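Undergrad: Here it is, the structure in full.
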Amino acid sequence: MSSNDAQKNLANELAKERNREAADRTLMAWIRTAISLIGFGFAIAQSYQFLESDYVEKTGRVLDSLHTPFIFGISFMVLGILGIMAGVIQYNRILDRIQSDRFIYIRPWALPKIMAILLVIIGVFGLLAIIF
């Protein structure tokens, strides 16, 4: 192996390492986002259940027959779980491509766009629940 080939191989391996580290940072961002969504959803659902049980105990009536805040909280938790699952799948796919000898760029899933659309849907649901 010539000196030029060794330098190309080293540059290639360093580029692979930088890409792997970028994939690690992206997965960690998805983990932080998922923890936030799950924690926020849990807080909403638990707060609602506490308020609902207290209200039923005092008045004998149900606070919200549709349990809208509970569903709202659960939807955040589900979105967080789906987000972390999609992030792990994307991470594994990226690592497989980096480790292959013939790295071909493939446009990744638009996970942030998908999450944003789902959050808009949840937000519209929450807004409608408050209005009506």
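Undergrad: For segment 83-95, check the following and say yes or no: at least one residue is open to solvent by 90 Å² or more (accessible area, probe 1.4 Å) and under 19 Å from Leu37 (Cα atoms).
TA: Yes; the residues of segment 83-95 include at least one that is open to solvent by 90 Å² or more (accessible area, probe 1.4 Å) and under 19 Å from Leu37 (Cα atoms).
Undergrad: Something else about it: Residue by residue through segment 40-63, note down the ones that are assigned to a helix (DSSP H, G or I) and free of Cβ contacts under 8 Å to residues at least 12 places away in the same chain.
TA: Within segment 40-63, Phe50, Ser53, Asp54, Tyr55, Val56, Glu57, Lys58, Thr59 meet the criteria.
Undergrad: Residues to consider are Val88, Val78; find the one that is closer than 22 Å to Arg18 by Cα and modelled with pLDDT of 95 or more.
TA: Val88
Undergrad: Another question, then. When you scan segment 115-132, how many residues do you find that are aromatic (Phe, Trp, Tyr) and in a helix (DSSP H, G or I)?
TA: 1
Results for (1) touching a helix residue (DSSP H, G or I) at 6+ places or on another chain (Cβ under 8 Å); (2) open to solvent by less than 70 Å² (accessible area, probe 1.4 Å); (3) not acidic (Asp, Glu), shown as yes or no for each residue.
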position: Trp30; (1), (2), (3): yes, yes, yes
position: Ile35; (1), (2), (3): yes, no, yes
position: Phe40; (1), (2), (3): yes, no, yes
position: Tyr48; (1), (2), (3): yes, yes, yes
position: Asp64; (1), (2), (3): yes, yes, no
position: Ile74; (1), (2), (3): yes, yes, yes
position: Phe103; (1), (2), (3): yes, no, yes
position: Ala110; (1), (2), (3): no, yes, yes
position: Ile121; (1), (2), (3): no, no, yes
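Undergrad: How many residues does segment 78-114 hold that are free of Cβ contacts under 8 Å to residues at least 60 places away in the same chain, in a helix (DSSP H, G or I) and aliphatic (A, V, I, L, M)?
TA: 9
Undergrad: Same structure, new question: Please find, within segment 50-62, the residue that is farthest from Leu119 (Cα to Cα) out of those that are among the aliphatic types (A, V, I, L, M) and open to solvent by 80 Å² or more (accessible area, probe 1.4 Å).
TA: The selected residue is Val62.
Undergrad: Can you tell me which residue among Asn19, Asn4, Asn12 is touching a helix residue (DSSP H, G or I) at 6+ places or on another chain (Cβ under 7 Å), modelled with pLDDT under 95 and either in a helix (DSSP H, G or I) or of a type outside the set (Lys, Arg) (or both)?
TA: One residue alone meets the criteria, Asn19.
The values are calculated or read from the model by the stated rules, or taken from the named source; none is laboratory data. The shown structure was predicted, so the numbers you read here are calculated from the model rather than taken from an experiment. As a convention, Cβ positions derive from the backbone with ideal geometry for all residues, glycine included, and neighbour counts pool all protein chains shown. We work out accessible area using only protein heavy atoms, side chains counted, and drop any ligands, DNA or RNA first. Shrake-Rupley method; radii C 1.70, N 1.55, O 1.52, S 1.80 Å.
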